[in-house]
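Peer 1: Okay, here's the structure, questions in a sec.
The values are calculated or read from the model by the stated rules, or taken from the named source; none is laboratory data. As the structure is a prediction and not an experimental result, all values here were calculated from the model. A quick note on method: Cβ atoms are made from the backbone with ideal geometry, for glycine too, and the neighbour counts reach across all protein chains shown.
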């Protein structure tokens, strides 16, 4: 069970950090204001989110399995709050970044540079959510 806990921590951390890092990467590349560089970054962002998103999801599923098998009450406030925050983080990534990526692809095809405001928003939100989730998982308040 301890090994599975390490796998849970590794996968969820890799998923969150990977999603945050790829958004930082997209933001950094957009500073060049060169459509070809931004397009290359967008392609890399898309591929990396297809890796880190599933890692996060698998880590969350393992965490749920661990909670059930460790006899942690699924009605624990800290656990419910953690899963709500995870759902919000995944939702933000899906609701904001997927449409942004589609708009950005169209903008780049026409030679325009996409707005990076959604990327900044997601970076701030994911960083705050991940910090909150980590605090909840370690401290288990209440």
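Peer 1: Taking the residues in the stretch 113-142 that are touching a residue at least 40 places away in the same chain (Cβ under 8 Å) and not in a helix (DSSP H, G or I) as candidates, determine which candidate is surrounded by the most Cβ atoms within 10 Å (Cβ to Cβ).
Peer 2: Restricting to residues being touching a residue at least 40 places away in the same chain (Cβ under 8 Å) and not in a helix (DSSP H, G or I), the top hit is 114.
Peer 1: While we're looking at this one, here's another question. Only one of these conditions is not met by residue 72: (1) surrounded by fewer than 19 Cβ atoms within 10 Å (Cβ to Cβ); (2) in contact with a helix residue (DSSP H, G or I) (Cβ under 6 Å, 6 or more places away or on another chain). Which number is it?
Peer 2: (2)
Peer 1: Here is a further query. Among the residues of the stretch 27-75 satisfying the criterion of being under 13 Å from residue 97 (Cβ atoms) and under 14 Å from the mean Cα position of the chain (by Cα), which is modelled with the highest pLDDT?
Peer 2: 52
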